[in-house]
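The values are calculated or read from the model by the stated rules, or taken from the named source; none is laboratory data. What you see is a predicted model; the values in this text were computed from it and never measured. Every residue, glycine among them, receives a Cβ derived from its backbone with ideal geometry; neighbour counts consider all protein chains shown.
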């Protein structure tokens, strides 16, 4: 392997380390962002549930007022019943009283259901508050635990970026362009090692995409220190992988 491909292999090794560190940083940031999103969701749920408690309590208060008004009405009907001067008046008052008492029973059921809804909604709000506090504590733990780790990753990133800058010094701009374009297309894997697929025939493939490589490109790799691209995936081809 010539000096150019050797330099590209060293650059590939640094690129892989860089992407690993960047991936760790992105993962930590996503973790914090996800935790913050969970907290924001719980905050929204608390606001909505708090409003639901207010609405349920208002409805329960209204029904309780209606129930008390109805009780007053029933009490008046009993007075009318007690003061009836004829059987006809008594029968009419009794019928009205029984009807209104049935309505009152239904109203009491509605009041009970409304109060139950208030209790259930308050319970739900308390549960959300407990979850919110736990997630807040979790966020604080994550932030504390990640501070040192993020600082180390930032230091590693700076060191690798400096090494990458040094490693590119001896590589031509066109070659570097091919390398970086292949990195973008193949998640950092810019180099494809050539593999001979048959011991008795001159047949080769790029191990990056497993598509055949023309013999003329193999001949160039065997005789000159020039960059050759896989015609299928555009990775930079090399005949073997050096020990870096």
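Residue count for the range 1-38 satisfying the condition of being more than 21 Å from residue 161 (Cβ to Cβ) and free of Cβ contacts under 8 Å to residues at least 12 places away in the same chain: 4.
Here residue 133 does not fit the description of being over 30 Å from residue 29 (Cβ atoms), at pLDDT 95 or above and surrounded by fewer than 16 Cβ atoms within 10 Å (Cβ to Cβ). In the range 142-150 there is no residue that is surrounded by 13 or more Cβ atoms within 10 Å (Cβ to Cβ) and at pLDDT 90 or above. Criterion applied to 35, 17 was being under 30 Å from residue 172 (Cα atoms) and either part of a helix (DSSP H, G or I) or modelled with pLDDT of 95 or more (or both), and the one residue passing it is 17. The residues of the range 213-225 that are touching a strand residue (DSSP E or B) at 6+ places or on another chain (Cβ under 9 Å) and more than 12 Å from residue 237 (Cα to Cα) amount to a single one, 215.
Quick check on the range 155-170. Is at least one of its residues under 19 Å from residue 16 (Cβ atoms), part of a helix (DSSP H, G or I), in contact with a strand residue (DSSP E or B) (Cβ under 8 Å, 6 or more places away or on another chain) and modelled with pLDDT of 90 or more? Scanning the range 155-170 turns up no residue that is under 19 Å from residue 16 (Cβ atoms), part of a helix (DSSP H, G or I), in contact with a strand residue (DSSP E or B) (Cβ under 8 Å, 6 or more places away or on another chain) and modelled with pLDDT of 90 or more.
Within the group 58, 41, 69, 121, which residue is under 56 Å from the mean Cα position of the chain (by Cα), assigned by TED's automatic domain parsing to the domain that holds residue 140 and either in contact (Cβ under 8 Å) with a residue 40 or more places away in the chain or not in a helix (DSSP H, G or I) (or both)?
Testing whether each residue is under 56 Å from the mean Cα position of the chain (by Cα), assigned by TED's automatic domain parsing to the domain that holds residue 140 and either in contact (Cβ under 8 Å) with a residue 40 or more places away in the chain or not in a helix (DSSP H, G or I) (or both) leaves just 121.
Taken over the range 171-180, the criterion of being in a helix (DSSP H, G or I) and either without any contact (Cβ under 8 Å) to a residue 60 or more places away in the chain or more than 15 Å from residue 13 (Cβ to Cβ) (or both) is satisfied by 173, 174, 175, 176, 177, 178, 180.
Candidates are the residues of the range 181-223 that are assigned to a loop (DSSP other than H, G, I, E, B), without any contact (Cβ under 8 Å) to a residue 24 or more places away in the chain and within 41 Å of the chain's Cα centre (by Cα); the one that is surrounded by the most Cβ atoms within 10 Å (Cβ to Cβ) is 207. Would you be able to say whether some residue in the range 127-144 is assigned by TED's automatic domain parsing to the domain that holds residue 14, more than 30 Å from residue 50 (Cα to Cα) and in a helix (DSSP H, G or I)? Taking every residue of the range 127-144 in turn, at least one turns out to be assigned by TED's automatic domain parsing to the domain that holds residue 14, more than 30 Å from residue 50 (Cα to Cα) and in a helix (DSSP H, G or I).
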